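Engineer: Could you have a look at this structure, given as structure tokens, before my questions?
The values are calculated or read from the model by the stated rules, or taken from the named source; none is laboratory data. These numbers were taken from a predicted model, which means no experiment stands behind them. All Cβ positions, even for glycine, are placed from backbone atoms using ideal geometry, and neighbour counts span all protein chains on display.
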Amino acid sequence: MTAPSVRLHPAGPLEAGVVAALQQACFPDDPWDEGSVATLTTPPAGFAVIALDAQEQPLGFVMARVAAEDAEILAIGVLPQARRGGIGRLLVEAAVTGSQNLGATALFLEVAEDNPEASSLYKASGFFSVGRRPGYYKRVDGRVAALVLRRDLDGA
Ligand SMILES: CC(C)(COP(=O)(O)OP(=O)(O)OC[C@H]1O[C@@H](n2cnc3c(N)ncnc32)[C@H](O)[C@@H]1OP(=O)(O)O)[C@@H](O)C(=O)NCCC(=O)NCCS
């Protein structure tokens, strides 16, 4: 599916509250506060992009950081009612473009092994596995491993 009426908008530290609200809605078990989001997305190393609907209501977000040639998606999420409409894919591409603009040649992320939706999104977006971190994420009934994924950026 595509997301025709969705507009992507770069979110600076002044919009950290909007990004934090989206993060909290998408990750209720691991909410980040506005201050943490503002710190992580402060330019030039960090950035965030939000997806807005036709009424300018936020539907999703991505946060990333760049260190030299390596970039990392810190978090990405789409509100439950807006999922499966292509917004996640748009946000991944926004992270790719933003990372390239900051000089990165590779984009990394971690995804929990028990998150098939996100794993499918990343596979469909050109990421491949480069590592595994056992017990990386805490769950109510134990711990689950993270897969480390990489996507080579154009020109790499
Ligand atoms: C992962 C997430 C961001 C995907 O957002 P989305 O807007 O629903 O994704 P898209 O509609 O762009 O889907 C793109 C592709 O991802 C895969 N995908 C997404 N949701 C899926 C699902 N529920 N089941 C299977 N595949 C799925 C598909 O390959 C899909 O392509 P297709 O629609 O052509 O089949 C969203 O499910 C989410 O916010 N989850 C909670 C937060 C989270 O887990 N974030 C990632 C942490 S690493």
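Engineer: Identify, by number, the condition in (1) on the phi < 0 side of the Ramachandran plot; (2) surrounded by fewer than 18 Cβ atoms within 10 Å (Cβ to Cβ); (3) within 15 Å of the ligand (Cβ to nearest atom) that residue 62 doesn't meet.
Structural biologist: (2)
Engineer: Where residues in segment 75-132 are over 15 Å from the mean Cα position of the chain (by Cα) and assigned to a loop (DSSP other than H, G, I, E, B), which of them is surrounded by the most Cβ atoms within 10 Å (Cβ to Cβ)?
Structural biologist: The selected residue is 104.
Engineer: Another question, if that's okay. Determine which member of the set 48, 54 is under 18 Å from residue 9 (Cβ atoms), more than 16 Å from the chain's Cα centre (by Cα) and in contact (Cβ under 8 Å) with a residue 12 or more places away in the chain.
Structural biologist: Among 48, 54, only 54 is under 18 Å from residue 9 (Cβ atoms), more than 16 Å from the chain's Cα centre (by Cα) and in contact (Cβ under 8 Å) with a residue 12 or more places away in the chain.
Engineer: Next up: Let me spell it out: the conditions are (1) within 17 Å of residue 49 (Cβ to Cβ); (2) near the ligand (Cβ under 9 Å from one of its atoms); (3) out of contact with any Lys or Arg (no Cβ under 7 Å at 6 or more places or on another chain), and residue 121 meets all of them except one. Which number is the exception?
Structural biologist: Residue 121 satisfies every listed condition except (3).
Engineer: Report whether or not residue 143 is at pLDDT below 95 and either among the charged types (D, E, K, R) or in contact with a Phe, Trp or Tyr (Cβ under 6 Å, 6 or more places away or on another chain) (or both).
Structural biologist: no
Engineer: Something else now. Does segment 24-47 contain at least one residue that is more than 14 Å from the ligand (Cβ to nearest atom) and under 17 Å from residue 5 (Cα atoms)?
Structural biologist: Checked against the condition, which is being more than 14 Å from the ligand (Cβ to nearest atom) and under 17 Å from residue 5 (Cα atoms), segment 24-47 yields no hits at all.
Engineer: Condition (residue is touching an Asp or Glu at 6+ places or on another chain (Cβ under 7 Å) and more than 8 Å from the ligand (Cβ to nearest atom)) applied to segment 79-100: is it met by at least one residue?
Structural biologist: yes
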